[in-house]
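Everything on this sheet refers to the single structure shown next.
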Amino acid sequence: MKNKIKTSCKKIRQIIENSTSPDDTLFGGKSGRAIYYAYLYQITKDEKYLEKAVEDIEYIFDQFGSYKPRISGASFSVGAAGFAYMVSHLNNNKLMEFDMDADFESIDNYLFDAAIKYLKEGETDYLHQAFGIAYYFSTRLPNPRIEYFLNEILSIFNDKLVKDDLGYRILTTFGPRKGKAFDFSLAHGLSGLVCILISIYENGYKNENIELMISESINYMLNFYSPPKKKEVLSYFPLSVDSKTLEKERSNMLAWCYGDLGVALALHRGCKIIKNKGWESKLKKIQKALAARTEIEGNLVVHDSHFCHGASGVAQFYLTLYELSEYEPYLKAYNKWIAHTQILLEKDLDNKFYLGKECGILEGLLGVGLTLETYLHKKPLNWSKTLLL
């Protein structure tokens, strides 16, 4: 299997090197590819990958001043927050060196204004709205100006939360559940927002309000914790809860974007900073059940290798959970899902599944390639923090 994965990584490198990036965004274009190349340089020490990363970043900077920029708006996925995050991430991980305060002052001001505008409309989504900007700002701490930005952002967010005896939550503002439900997902819902709040907290922004928001948001999700009573039911949590009827949307979906993995991640990280025996007791049951979910059938909604709701995202998720907990069954699940990823990738490459989306992190080859390179490298690589892992 290891030799097959090495071959796949070489193929992916060649495909990406020979592909044309459709834009400069983090999740579909040159910003994401710059992360890929920077980590390939860290892995291989081949200077050509560092040069490629620098070339992509310089191109993006040049395009900012053009009449037709290839980044649109402020969002994390396709906007300025994603580009700024990429540069800050590479700087923080000592893959490149930038003067963030000097080079990004105007971009930071623009992103802060955009975040406030989003929040006043109740638009909190991580990928497409305010909390992707907040996540970028979390990488800039400690910094008095950034702390001011976060203070304003979190103050408005706190006011927008629905609060009662069940806990804290907020209506989802993106996708088919928009305005109708309290979403639990990592991509668009409460577990993603909690992970971003924890990132802000762990990077030095600490006060009673943020602890309360983390705690009460986790409490809300745990109010819908329900150990499966039927053999065909695998999930402990709903995907979402209807805001009016509290009807639960059930699914066995196992993916980076939706399902129990996201709630488990928020709970693992929450338990690191807030000692709660009730949480820990439930987490032990959840992690035992999650680690047993190692088959494609019944778990993957779409049988392919991509990151968002395919096999590579599940694999990388289990590695993150193992690194957080040192729970050995997670590591076994990781190895099983890496094997699934390799098998599905061979099929996907034969079918030209990634044609035209080679530079995508979530739905393209970048996410798959980075997942498999991480497996071969056998040392921590922080690229997956881009995806909250």
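The values are calculated or read from the model by the stated rules, or taken from the named source; none is laboratory data. Given the structure is predicted, the values throughout are model-derived calculations rather than measurements. Cβ sites come from the backbone with ideal geometry, for glycine too, and all protein chains shown count toward neighbours. Only protein heavy atoms, including side chains, enter the accessible area calculation; ligands, DNA and RNA are left aside. Shrake-Rupley method; radii C 1.70, N 1.55, O 1.52, S 1.80 Å.
Considering each of Lys284, Lys378, Lys347 in turn, give the residue that is open to solvent by 10 Å² or more (accessible area, probe 1.4 Å) and on the phi > 0 side of the Ramachandran plot.
Only one candidate passes the filter, namely Lys378.
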Residues within region 224-242 that are open to solvent by less than 40 Å² (accessible area, probe 1.4 Å), touching a strand residue (DSSP E or B) at 6+ places or on another chain (Cβ under 7 Å) and closer than 19 Å to Leu171 by Cα, tallied: 5
Any hit, region 71-92, residues being without any contact (Cβ under 8 Å) to a residue 60 or more places away in the chain, within 28 Å of Lys379 (Cβ to Cβ) and open to solvent by 10 Å² or more (accessible area, probe 1.4 Å): yes
Test: Glu280 is of a type outside the set (A, V, I, L, M, F, W, C), part of a helix (DSSP H, G or I) and modelled with pLDDT of 95 or more: yes
Condition check for Leu321: without any contact (Cβ under 8 Å) to a residue 12 or more places away in the chain and aliphatic (A, V, I, L, M): no
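One line per residue, one yes/no per condition, for (1) buried (at least 22 other Cβ atoms within 10 Å of the Cβ); (2) more than 19 Å from Gly262 (Cβ to Cβ); (3) of a type in the set (Val, Ile, Thr); (4) touching a residue at least 24 places away in the same chain (Cβ under 8 Å):
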position: Asn335; (1), (2), (3), (4): no, yes, no, no
position: Leu355; (1), (2), (3), (4): no, yes, no, no
position: Ile361; (1), (2), (3), (4): yes, no, yes, yes
position: Leu387; (1), (2), (3), (4): yes, no, no, yes
Residues of region 168-203 classified as out of contact with any Ser or Thr (no Cβ under 8 Å at 6 or more places or on another chain), open to solvent by 10 Å² or more (accessible area, probe 1.4 Å) and at pLDDT 95 or above, total: 2
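Residues in region 17-32: is at least one open to solvent by less than 70 Å² (accessible area, probe 1.4 Å) and on the phi > 0 side of the Ramachandran plot?
Just the residues of region 17-32 that are open to solvent by less than 70 Å² (accessible area, probe 1.4 Å), to begin with: 17, 19, 21, 23-32.
The next check asks that each one be on the phi > 0 side of the Ramachandran plot; those that pass are none.
The answer is no; no qualifying residue exists.
Only one of Arg33, Arg13 is assigned to a helix (DSSP H, G or I), in contact with an Asp or Glu (Cβ under 8 Å, 6 or more places away or on another chain) and closer than 18 Å to Gly360 by Cα. Can you tell me which? Outline the logic, then answer.
Numbers: Arg13 fails: in contact with an Asp or Glu (Cβ under 8 Å, 6 or more places away or on another chain).
That would be Arg33, the only listed residue that is assigned to a helix (DSSP H, G or I), in contact with an Asp or Glu (Cβ under 8 Å, 6 or more places away or on another chain) and closer than 18 Å to Gly360 by Cα.
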Top-ranked residue of region 1-29 - restricted to ones that are closer than 28 Å to Ser75 by Cα and hydroxyl-bearing (Ser, Thr, Tyr), ranked as modelled with the highest pLDDT: Thr25
